[in-house]
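Enquirer: Please find one structure pasted underneath; my questions will follow.
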Amino acid sequence: MARAVGPLHRFRIDDLPREPWRNGAGWTRSVCSREVDGQPWWRVSVADITAAGPFSRFEGMDRIAVMLSGGGLCLSNADVRLAFDGPGSVVQFPGEWTLQCDAPALPTQLFNIMARRDSAGVRVLLAADEPLALPPGGHQVALALRGRFELVPPAGARHILGAGEGVHWQSQDAGWCSAQIGGGGAMVWCALP
């Protein structure tokens, strides 16, 4: 028998309040976060990037970024170059890296997932044309990049997500699946401890 799923929190990127980056060089929109013993454990957010500037450093955190919208974007330092070539591009890097963001070709949004390196780990999947069975995980976030998706829980109401819409829930249960409605869509999903 499936355990009860925690509250579902729907969100639209455009409705999330904008906050200045820690370094003042851009904007972020917080989706959800968790602290353990007063320390940041993980955070999911959306960054708005319109100009060149430094990326904030986050000691002890690993970062995964998925381009939601925009054109070419590059994060770099003297030793490394991380390139996003369009929506759906994914890069992963340590939060300690000092990175400079080049001016993007177009105004850009990144879906940012940051988690403490010593946490149980983060899983990220991109879904497109094929139905996807979502594995169990503590906190989960699904966001439609483009097109429309239907999220089907093990019990209860289905959730239709349009581009820029998402849902955050907490459940250890397997049985969630995602099925695309219409063609040309894409969705990002992550599970966090």
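Bear in mind these aren't lab numbers, they're just calculated from the coordinates by the rules spelled out. These numbers were taken from a predicted model, which means no experiment stands behind them. Ideal geometry is used to build each Cβ from the backbone, glycine not excepted, and the neighbour counts take in all protein chains shown.
Enquirer: Based solely on C-alpha atoms, express the radius of gyration and the Dmax of the chain in angstrom.
Expert: 16.4, 54
Enquirer: Suppose the chain between D79 and L126 were pulled fully straight at 0.36 nm per residue; how much longer would it get relative to their current alpha carbon spacing?
Expert: Gain in length upon complete extension: 14.1 nm.
Enquirer: Which of F58, V46, V36 sits farthest toward the positive end of the charge dipole of the chain, with +1 on the Cβ of Lys and Arg and -1 on the Cβ of Asp and Glu?
Expert: Result: V36, furthest along the dipole toward the positive end.
Enquirer: Where does the charge balance sit around I113 when Lys and Arg score +1, Asp and Glu -1, over other residues with C-beta under 11 Å from its C-beta?
Expert: With Lys, Arg at +1 and Asp, Glu at -1, the neighbours total +2.
Enquirer: Still on this structure, I have one more. If you split all Cα-Cα distances of the stretch 121-192 into 5 Å bins from zero, what percentages do you get per bin, shortest first?
Expert: Calculated P(r), rounded to whole percents: 4, 18, 33, 27, 14, 4, 0.
Enquirer: Right, something else. At 7 Å along the Cα-to-beta-carbon direction for both N23 and E35, put a label point, then send me their distance in nm to one decimal.
Expert: About 2.4 nm separates the two model spin labels.
Enquirer: In whole Å, what three semi-axes, largest first, describe the equivalent ellipsoid of the stretch 1-112 built from its Cα gyration tensor (square root of 5 times each eigenvalue)?
Expert: 26, 17, 14
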